[in-house]
Amino acid sequence: VQLQAFGGGLVQAGGSLGLSCVIPRSIFNRNTMAWYRQAPGKQREWVASLYSEGATDYAVGMKGRYTISGDNAKNTLYLQMNGLKPEDTALYLCHVRTWSSNYWGQGTQVTVSS
């Protein structure tokens, strides 16, 4: 099972980026899908989740700036990030948790310049 994340890049503080993660249809939307991020020298941290019933949840500091969503037709998970700050610089990874396994994408780098 392979998750493919893309959409990262270099953006100035205050700017926006949209990330995408293509997830195999066999596990899309029937499980909890999420975004995590990992900055250099720091632990991986949870960013946001999209639950199978459609509910969403966000880490403190990201609610109101980030929006997680999914497109069933494209089996793609999205993360729209607005009002980016230099401290948002990290490798962003998509994740799917099923009843038996955890699946990770390879990550896409987001760099926010001040």
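Each value in this text was obtained by applying a stated rule to the coordinates, not by laboratory testing. In this text, all values refer to a predicted model and were calculated from it rather than measured experimentally.
Scaled to the compact-protein estimate 2.2 N^0.38 Å, what is the alpha-carbon radius of gyration of segment 29-77, rounded to two decimal places? Before the final figure, lay out the partial values.
Working: Rg = 11.8 Å, N = 49, 2.2 N^0.38 = 9.7 Å.
Relative to the rule-of-thumb radius for its length, segment 29-77 sits at 1.22.
Sort the chain into rounded, prolate or oblate with this rule: let a ≥ b ≥ c be the square roots of the eigenvalues of the Cα gyration tensor; rounded if a/c is under 1.5, and if a/c is not under 1.5, prolate when a/b is larger than b/c, oblate otherwise.
On the way: a/c = 1.78, a/b = 1.65, b/c = 1.08.
It is prolate, given that a/c is not under 1.5 and a/b is the larger ratio.
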Along segment 95-110, Karplus-curve 3J(HN,Hα) (6.51, -1.76, 1.60; θ = phi - 60°) to the nearest Hz, with x for Gly and Pro, reads 8, 10, 10, 9, 5, 10, 8, 10, 10, 10, x, 7, x, 9, 7, 10
Sorted largest first, the C-alpha extents of segment 1-64 along its principal axes in whole angstrom are 36, 24, 24
Computed ³J(HN,Hα) along segment 35-50: with the Karplus parameters 6.51/-1.76/1.60, θ = phi - 60°, integer Hz and x for glycine or proline, the list is 10, 10, 9, 9, 8, x, x, 10, 6, 5, 10, 6, 10, 6, 10, 10
Using alpha carbon centers only, segment 1-53 is separated from segment 64-114 by a whole-angstrom value of 2 Å
Highest GNM mean-square fluctuation among G61, G14, G70, for the chain with Cα springs under 10 Å, belongs to G61
Mean separation of Cα contacts under 8 Å (at least 6 apart) over the residue count of segment 46-99, i.e. the relative contact order in percent, is 22 percent
